[in-house]
Structure formats: structure tokens, C-alpha cells
Amino acid sequence: MVTLGIILTCSPAQAVEFDDWRMELRPTYSWWTVEDDNMHGFGTGLMGSWRAFDTLYIKLDTEIIFLDMENPGNKYLWEISAGANYDIDITPLTVTMGTGIGPLLTKDEGQDWKTDASWHLLLAFQYSITKDFALGIEGRYHFIFTDFNTSPLFFTASLKAVLTF
């Protein structure tokens with residue numbers, strides 16, 4: 001028993017100091033399809049997260065997107081979410097799976113803002129350049145809780161820069 005205590009106390013896992021905060025900046029490309037209307041556009045996302053456990057992060061996330069559509073016009077999206085990300089560390093590569101839920105504000109050109117609830121799933125790959133900085137790619141599927149028969153297909157693809165501190 002004493003030997004086990006010494007091994008656990010002196011193990012390399014005990015000596016590792018984890019950085020607990022992470023910020024991500026993402027330029028995004030988005031697709032939005034509902035019935036016969038197809039839109040695409042660009043935006044940006046910002047995420048802040050805190051390491052709750054070894055590989056689990058609790059996050060706050062926002063994404064602003066401008067979609068261009070020929071008819072009836074442009075669409076603006078602003079998603080705000082809270083959720084969690086789980087990392088699989090294959091140093092220097094990290095695979096991240098995550099989810100988030102929150103309000104999605106939408107505005108069609110010439111109309112007022114409308115609020116719906118949304119949920120997203122994400123899969124990301126990032127490569128560590130240094131201990132505190134990584135670059136990566138990310139894909140997100142967004143589900144909007146409106147009329148389930150006409151819920152749009154909404155997907156974003158992003159490049160991302162990740163700062164850990």
C-alpha cells in the first residue's frame with residue numbers, strides 16, 4: 001500500500017500542469033438550406049472555455065454569420081451557446097467533439113430579429129504549433145428548434161486558432 005502511494009505521488013501524471021483556459025477564433029463558411037432556398041456565407045466565431053476535467057471543457061461560444069441569398073435577400077445569424085467539448089489528445093494532434101445549446105437570432109433583410117433555440121454538434125482537429133498555440137479545422141452541424149418539418153440544414157466549416165493559457 002505504501003509502495004502504491006509512492007508510485008502515484010511520484011508518477012509523471014502528477015507532475016503535469018494543465019492550462020485551464022482556452023480561447024478560439026474561427027473564420028467560418030456556412031451553408032443554410034430550407035426547402036428550396038439555399039444560402040451560403042461567411043462569418044466569425046469566438047469561444048472561451050475552461051477545463052473542468054482532464055479532457056472536458058465547459059464553453060461559452062458565439063458565432064455571427066452573414067448569408068447571401070438571391071431571393072428574398074440576405075440573412076444574418078447570431079448564435080450564442082453554452083456547452084461542452086471533449087478532447088482526445090494524440091500529441092501533437094487533438095481531436096475535439098462537442099455540443100452546445102442556446103439562442104439563435106436570425107434576421108432577414110428588411111425584417112426584425114427573430115429568436116429560436118438551436119443546438120450544435122462539432123468535430124474538430126487541431127495541430128499544436130507550441131504548447132499554448134494550435135491551428136485547426138472544425139465542422140459544425142446546427143439544428144434549429146422551429147417547425148421540425150421545415151428545420152433548415154445548417155452547417156459551418158471553420159479554420160481556427162486556439163490559444164491556451
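Assorted remarks:
- FRET efficiency, M97 to F133 (Cβ-Cβ, R0 25 Å, nearest 0.05): 0.70
- Of the residues E35, E138, E79, the one with the fewest other Cβ atoms within 10 Å heads the list, and the complete ranking is E35, E138, E79.
- Per-residue Cβ neighbour rank within 10 angstrom, fewest leading, V162, V34: V34, V162
- The residues neighbouring W50, those whose beta-carbon lies less than 10 Å from its own, together hold a net charge of +2 under the Lys/Arg +1, Asp/Glu -1 convention.
- Contact order for segment 20-164, expressed relative to its length and based on alpha carbon pairs under 8 Å spaced 6+ residues apart, stands at 23 percent.
- Orientation-averaged projected area, Cα convex hull of segment 20-164 (nm²): 8.3 nm²
- Summed side-chain charge close to E138 - residues other than E138 whose Cβ falls under 9 Å, Lys, Arg +1, Asp, Glu -1: +2
- Additional length obtainable on full extension of the chain from L105 to T33, 0.36 nm per residue less Cα span: 24.3 nm
- Amide hydrogen neighbours beyond the local backbone of N74, cut-off 5 Å, H modeled: M69, E109
Here, each number is a calculation from the coordinates, and none is a lab measurement. Here the structure is a predicted model, which means the values were calculated and not measured. Don't worry about glycine lacking a Cβ; one is built from the backbone with ideal geometry, like all the others, and counts go over all protein chains shown.
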